[in-house]
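Note sheet for the following structure.
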Amino acid sequence: MKIPNLLVFILLASCSSGKVSKDNKPENASSEVSQSSFKKEKVLTSSEVKDYYIDGQKTFNPALQDETIDRNSNEEISGLADSKDPLIDIAVKCSKKDFEKAFSVADKIFNRYQKIPAYWNLIANCHLNQGSSRKALLFYNKSLEVSPGYVPALNNIGVLYSRQGEDQKALVAFEKANRQSRFAKTPRYNLARLYLRYGLAELALPLFQGLLNESTNDIDLLNAVGNCYFLTSDYQQAAAHFSRIPSSHLSHAEVGLNFAVTLNKLGKTQQAQDIFSDIDKPKSQALNEYYSTVASQLGVQ
């Protein structure tokens, strides 16, 4: 089975009522009719739409770059902006929250792409990123209607439920997507993140580790695996993974704090204090409280 393409796996993740019109065109489609409207266009089939990969693009988190641009920086996403492929164009515009233009492109290519599940999945992603969960779910289901069992749509339904705080439903969707395609990496990643959110490090670790084995320098995965070992009190392994993260990223509290605690647990208090001193004070209340707790543990003001 082929690995799902870049476009269809965009997660908008960390993710008002509406319905598909009678002709199944995107809800934002224009109602204007011109002479060109009567020109017949060839309707594409899935076999005619290539898989897209970000070959050779430099990114700090390359593990999923052939399936999603969600973990890319704004600068990395901008590097795709000149693509002539309309699906990539929609994906980038939605990622940048330029929804009006994204829906305009979707409207223009409807006749050719209406049988392509990625097309409907992208429209759903735009609605999800716009905060319209009901509309998003309708279009994800349209994607599944075009291609039953379509992994990206199943996965993104999980993202939708996760954003709504319905983690049980999210779990079911991620597990279904993972069963549908063992080659797809993004459902595994999301499933592992959900496990880790509930402290189920033993379940999350093999999923994260498998992904890390395929992309050994992915920063998010190094941090995730390090945190799994941290939660299971295997501080040697935790330190081994945290130490592979570039120093420029250790200033982020969600990365550096557990590394500092790990080093302190290993009796390397001075190194722990050095790591802590470079961490930017977090803005979120939860992280800020943890930041203060770690400072107290390390004897740092």
Among (1) open to solvent by 10 Å² or more (accessible area, probe 1.4 Å); (2) in contact with a helix residue (DSSP H, G or I) (Cβ under 7 Å, 6 or more places away or on another chain); (3) not in a loop (DSSP other than H, G, I, E, B) - the single one P187 does not satisfy: (1)
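Modelled with pLDDT of 95 or more, farther than 21 Å from A192 by Cβ and open to solvent by less than 30 Å² (accessible area, probe 1.4 Å): which single residue out of V261, V225 fits that description?
V261
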On the basis of being out of contact with any Gly (no Cβ under 8 Å at 6 or more places or on another chain) and open to solvent by less than 50 Å² (accessible area, probe 1.4 Å), does A238 make the cut? no
Against the definition (modelled with pLDDT of 95 or more and among the basic types (K, R)), how does K108 come out, yes or no? no
Within segment 269-285, residues of a type in the set (D, E, K, R) and surrounded by 12 or more Cβ atoms within 10 Å (Cβ to Cβ) come out as D274, D278
Check off (1) open to solvent by 20 Å² or more (accessible area, probe 1.4 Å); (2) of a type in the set (A, V, I, L, M); (3) in contact with a Ser or Thr (Cβ under 8 Å, 6 or more places away or on another chain) for L200 and give me the number that stays unchecked. (3)
Of (1) among the aliphatic types (A, V, I, L, M); (2) open to solvent by 40 Å² or more (accessible area, probe 1.4 Å); (3) within 30 Å of L171 (Cβ to Cβ); (4) touching a Phe, Trp or Tyr at 6+ places or on another chain (Cβ under 8 Å), L266 satisfies all except one. Which? (3)
Return the residue satisfying two criteria in turn: it lies in segment 71-105 and is open to solvent by 50 Å² or more (accessible area, probe 1.4 Å), modelled with pLDDT under 85 and in a helix (DSSP H, G or I), and of such residues it is nearest to R193 (Cα to Cα). N74
Of the conditions (1) outside any helix (DSSP H, G or I); (2) farther than 27 Å from F174 by Cβ, the single one that F259 does not satisfy is (1)
For a quick check of your reading of the model, give me the residue pairs whose first member lies in segment 283-301 and is assigned to a helix (DSSP H, G or I), whose second is of a type in the set (F, W, Y), with beta-carbon atoms closer than 6 Å and at least 6 apart or on different chains. L298/F276
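The values are calculated or read from the model by the stated rules, or taken from the named source; none is laboratory data. Because the structure is predicted, anything quoted here is derived from the model rather than measured. Positions of Cβ are generated from backbone atoms using ideal geometry, with glycine treated the same way; all protein chains shown enter the neighbour counts. SASA here: full protein model, heavy atoms, side chains in, ligands and nucleic acids out. Shrake-Rupley method; radii C 1.70, N 1.55, O 1.52, S 1.80 Å.
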